[in-house]
1. For the chain, what log10 I(q)/I(0) values come out of the Debye formula at q = 0.07, 0.10, 0.12 1/Å, with one point per alpha carbon and no solvent?
2. Top to bottom by accessible area (1.4 Å), largest first, where do HIS476, HIS73 land?
3. Compute, for GLU55, the solvent-accessible surface of its heavy atoms (probe 1.4 Å) with the complete set of protein chains present, and express it in square angstrom to the nearest 10.
4. Please go through region 246-348 and write out the trypsin sites (Lys or Arg not before Pro) that DSSP classes as loop and that have at most 10 other C-beta atoms within 10 Å.
5. For region 306-405, divide the Cα radius of gyration by the Kirkwood radius and give the resulting Rg/Rh value with two decimals.
6. With 31 Å as the limit, write out which pairs from LYS338/LYS371; LYS106/LYS299; LYS106/LYS149; LYS129/LYS189 have Cα-Cα distances beyond it, or answer none.
7. Round to a whole number: what % of the accessible area of the chain belongs to carbon and sulfur, probe 1.4 Å?
8. Rounded to the nearest 500, what is the chain's calculated 222 nm mean residue ellipticity when only DSSP H runs of at least 4 contribute -39500 (n - 2.57) each, over all residues?
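The values are calculated or read from the model by the stated rules, or taken from the named source; none is laboratory data. Computed from a predicted model, the values in this text were never measured in an experiment. Please note: Cβ atoms are built from the backbone with ideal geometry, for glycine as well, and neighbour counts cover all protein chains shown. The area values use the complete protein model at the heavy-atom level, side chains included, leaving out ligands, DNA and RNA. Shrake-Rupley method; radii C 1.70, N 1.55, O 1.52, S 1.80 Å.
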Amino acid sequence: MCLEQLECSEEPTGKKRKKKMKFLFFTFVVVVHLFCLSSGKAIYRNDVSQSAFQEIKEEIASYGDVAKAIINHAVYGKAQNRSYERLALLVYAVGPRLSGSKNLEKAIQIMYQNLREDGLENVHLEPVKIPHWERGEESAVMLEPRIQKMAILGLGSSIGTPPEGITAEVLVVTSFDELQRRAPEARGKIVVYNQPYVNYSSTVLYRVRGAVEAARLGAVASLIRSVTPFSIYSPHTGIQEYQDGVPKIPTACITVEDAEMMSGMASYGARIIIQLKMGAKSYPDADSFNTVAEIIGSKYPEQVVLVSGHLDSWDVGQGAMDDGGGAFISWEALSLIKDLGLRPKRTLRLVLWTGEEQGGVGAFQYYQLHKANISNYSLVMESDSGTFLPSGLQFTGSDKARAIMEEVMRLLQPINITQVFRNGEGTDINYWIQDGVPDPVERIIGRILEYLKKRWRRFTGASLLDDLYKYFSFHHSHGDTMTVMDPKEMNVAAALWAVVSYVVADMEEMLPRS
């Protein structure tokens, strides 16, 4: 009997309500039972796991010899420097790999062939649509109080200027608050943000929102001090976001040095005029692919530990650090495991994302396609903060899962990298971590499912933590080249990535959810 039939029966109201409650209770019990069956060993009751924690510790400790073998192979053995050399071959052959560009599609095809030749399984490309923006020719010249050419990099998705450019007086501010206080001065001006670098997550808001906040007040363009803790006259690009209902104005990043210079000029009362020219254009979304390869699990092949990095980059530098290194140590993790003849119980899946720099659009489409099977994902891992010498592993998950990951990281004692930090997140895996559940079905059963999924299926994610000061010094700039990369540090990062992914994939139980 369907719910609609219960609702429209001719029985008295009290009897209808009792029948409905019985139906809902029965549905609840069935759903709980199905959830427990479908999710295998990932579900835990209130505070008692299926195995005592001591048994889990002993199980993890038993991987000591395997971990040492992976470390030795990656750091001291035949595989040392391999991830660096593979990356160099791609970077030198292709160069930067902007979303929608021919360079990116060439890189994807090369990687598809490389993964097949490496002997990995189920190598395939999953189609996605990604943004296509090109910066074109661009320049900025200060005309008053003196003439000086300035280095700029247009921000992703920015509109261009008219062919003759925009020539206007400058308003220099150090914060959004100051911009609001001086709102009457902004109309018809080019707003220059000289915000201090505090940390990336807070300072990047000026790059993302700077154009919108200036446009609200009638500014004709915005120039943002590059989001970096260190500069040798190098602008840094990145994505910015327009908002519906707010005029779109051209926006670009300038160097720290030029932002400081104009701030100093303004403090002495100088009138600053800039001529800005930008040939930026946006085109219809382009066809692209997420690149996938696997080592299929021996016991629970439907269950997955996902390791990843993104293959696209900005159109400056070589995209070696962001995120060539992360993509290639993720490939290397599977290669190391395959070299040693290891096959974990769960499937190890490598995904090289596309369109990450435009907001993780390739990863979002992957998530939409695969989220129905989310209960089968034990851990999602993304390396997108550099592959310098790791400090440890960043992790997001339940307290029980964190305790398990701390034991897994003890296996990295031979290279003295054992710490587990908070916030194991990344643009491409945040869809899993933040949502972590399939879309709810309709009506009552859907609400029950939604409750259960939120309670039991909070997701686990991990990322590498290393020298972020160094990373953001080169991030999204012309300086992101192979000269930033260190083969020995990549070896260590790959060893960590391989040990963690293999052990989590091979343990008898999946990582516990909240």
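1. -0.46, -0.83, -1.06
2. Details: HIS476 15, HIS73 35 Å².
So, going from the largest accessible area down, we get HIS73, HIS476.
3. For GLU55, solvent-accessible area is about 100 Å².
4. Values: sites: LYS248, ARG271, LYS277, LYS281, LYS299, LYS338, LYS345, ARG346; in loops: LYS248, ARG271, LYS299, LYS345.
Sparse-neighbourhood loop trypsin sites (Lys or Arg not before Pro): ARG271.
5. On the way: Rg = 14.6 Å, Rh = 15.0 Å.
The Rg/Rh ratio comes out at 0.98.
6. From the list (LYS338/LYS371; LYS106/LYS299; LYS106/LYS149; LYS129/LYS189), the Cα-Cα distance tops 31 Å for LYS106/LYS299; LYS106/LYS149; LYS129/LYS189.
7. On the way: 11680 of 21910 Å².
Here carbon and sulfur together make up 53 percent of the probe-accessible area.
8. On the way: 16 runs with 194 residues, N = 514.
It lands at -11500 deg cm²/dmol.
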